[in-house]
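Here's the structure we're looking at; comments come further down.
The values are calculated or read from the model by the stated rules, or taken from the named source; none is laboratory data. Everything numeric in this text was worked out from a predicted model, so none of it was measured. Neighbour counts are summed over all protein chains in view; Cβ atoms, including those assigned to glycine, are modelled from backbone coordinates with ideal geometry. The area values use the complete protein model at the heavy-atom level, side chains included, leaving out ligands, DNA and RNA. Shrake-Rupley method; radii C 1.70, N 1.55, O 1.52, S 1.80 Å.
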Amino acid sequence: MEPKDGGRLIFQSEVFTTARGPRRAPTGKVVREAAREVPVHAECDVLVVGGGPAGTAAAVAAGRMGARTLLLERHNHLGGLSTGGLVIWIDRMTDWTGRRVIRGFAEEYLDRLPKDAVMGPPPGAWGGRDSATAAWWAVRSAAFHGIVTHSPTCDPEWMKATALEMVLEAGAEVLFHAWGAEPVMLDGAVAGAVFESKQGRRAVLAKVVVDATGDGDLYARAGAASDSDTDERDIHHCINTSWLFAHVDMPRYLAWRLENPTEFSAFMARGKAEAGLFDKAFASWRDDVALFMGPRLAGYDATQVDDLTEVEIRSHRLMLEHLRIYRRDAPGFERATLMLSAPQLGVRHARRLRGVSAVTRETWDGRVHADEIGVSPSLAPKFANVSVPYGALVPERLDGLLAPGRHLACDATSHSFLREIPQCWLTGQAAGVAAALAADAGIAPRAVDPAAIRAALRRQGAHLHDLAHAVA
């Protein structure tokens, strides 16, 4: 299915549009809070708000640059959706020739995981087009368009532990159970953030703030412009809670799915008839654990607390229905048991920054930006690799803040891949480097020389294009 702008809906999985309950009507009433002083909990060079993929990479990168870095995280772990959200299938980091293009933090992070914590094709298979091999890896979420890719599935607990060690080794501080709530503003620029905690409201003052909330919470509250349009034919705007089943035989299930497509289609049809919303099981990092990354629920707003609550309720009920039906009808699931529902809700889209520049469908033509800070694999072999500009992390007008991760500046079609975990690592690392440079020089992030960012990223192992044919 092709959107009107020529983009492609990359992840061909069903989107479930449901009858969402009515939103709570505004009461019209208000409660007035008395003015109060907020204690300053800490001061630093770089404050990273949100410890998901982008925030973790940003904290490591800034810490390694020598910046005094503090990372605020509302949960008790790092990794965000890649760990607490159970998005443990990591999308492609190789291009369609098999070359690894998302490197730097991402490469080091995954290479530090124990071998038994990762399931994916070996490097020698990346880019391979043998039909039987590609078919085998396709049902394990590691081959697309008949091409084997570097897109592993990883143990979320090892990812949490490894992320934490990398942040601490970089010299950054971590503050868990601290929800970044409001920006601190000084002369129209962001100068820190207020967080909510068991100690009440407290503030952190910083030379540069990295908004890595994923939903643009800080930059939105600071007044930066954003967009929220989505293509409802794609899954990139959907929300759901993922889960794991244990005591399964995934090799048996995957062989049945691959070798008996008619039976599998009939099974999925029965499941939908009974449960209403029904999804397929994915391979995990272990043969006895199944991953469910759906059903993906459309029509909900990730900035509305009532919508988020309804998605949680629907997803948990669907988990129990899936267990019943899979136990009864799916080979390999006869002894399946509940293992874990994701501690974090799987939000794919809320806001997209209006930045100095943006990744748009028109930029998938192989052009290289003069301020490139990373290279992303394209959606399909017919497209060139996509150059990601620094301007996509910089708000149009707001100073003192950078915005890597899934809420960066892009159009709805480009968001389909820029929201993925590896791209968040890529943009987070760039934001951490740029924030450290800005803090050290005492300048606004928009004033940092992209050449200095690129040089530091190369020292940290990132892959970048040669700028010989770059465009302004």
Only bridges with both residues in the chain count here: give the DSSP antiparallel percent, nearest 5. 65 percent
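What is the gain in length, in nm to one decimal, between Ser131 and Ala451 on full extension, counting 0.36 nm per residue of separation less the C-alpha to C-alpha distance?
On the way: separation 320, 0.36 × 320 = 115.20 nm, distance 4.25 nm.
Length difference between fully extended and current span is 111.0 nm.
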In nanometres, what is the gap between the two model label sites at Arg99 and Glu43, each 7 Å from Cα along Cα-to-Cβ? 4.7 nm
Length gained, Trp179-Glu157, 0.36 nm per residue minus C-alpha separation, equals 5.7 nm
Compute the angle between helix 250-259 and the longest alpha-carbon principal axis of the chain, please, reported from 0 to 90 degrees and rounded to the nearest 10. 70 degrees
Can you compute the FRET efficiency between Asp288 and Glu259 using 1/(1 + (r/R0)^6), with r the Cβ-Cβ distance and R0 = 22 Å? Round to the nearest 0.05. 0.60
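Per the 1.4 Å probe, what fraction of the accessible area of region 200-350, in percent, lies on carbon and sulfur atoms? Don't skip to the answer; put the middle values down first.
Details: 2920 of 5850 Å².
Result for region 200-350: 50 percent of the exposed heavy-atom area is carbon or sulfur.
Per residue, how large is the accessible surface of region 65-199? Use a 1.4 angstrom probe and give square angstrom.
Details: 5510 Å² over 135 residues.
Normalised by residue count, the accessible surface of region 65-199 is 41 Å².
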Among the lysines, which have Cα under 27 Å from the Cα of Lys160 when same-chain residues fewer than 8 positions away are ignored? Lys115, Lys198, Lys280
Label-point separation in nm, Lys115 to Lys198, each point 7 Å along Cα→Cβ: 4.1 nm
Taking 8 Å as the Cα distance limit and 6 or more residues as the minimum spacing, I'd like the relative contact order of region 170-246 as a percentage. 21 percent
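Give the accessible surface of region 212-320 per residue, rounded to a whole number of Å², with probe radius 1.4 Å and ligands, DNA and RNA excluded. Write out the running numbers ahead of the final one.
On the way: 4250 Å² over 109 residues.
With the other protein chains kept in place, region 212-320 gives 39 Å² per residue.
So how strong a dipole does the chain carry about its Cα centre when Lys and Arg Cβ are +1 and Asp and Glu Cβ are -1, to the nearest 20 debye? Numbers along the way, then the final one.
Numbers: 53 positive and 57 negative charges, 101 e Å.
Charge dipole of the chain: 480 debye, to the nearest 20.
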Nearest-10 value in Å² for the accessible area of Thr230, using the 1.4 Å probe: 50 Å²
Using only the alpha-carbon atoms, how far is helix 156-169 inclined from the longest principal axis of the chain? Give it as 0 to 90 degrees, nearest 10. 20 degrees
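Quick one: length gained pulling His145 to Arg327 fully straight, 0.36 nm per residue minus the C-alpha distance? Don't skip to the answer; put the middle values down first.
Values: separation 182, 0.36 × 182 = 65.52 nm, distance 3.13 nm.
Residue separation times 0.36 nm, minus the Cα-Cα distance, leaves 62.4 nm.
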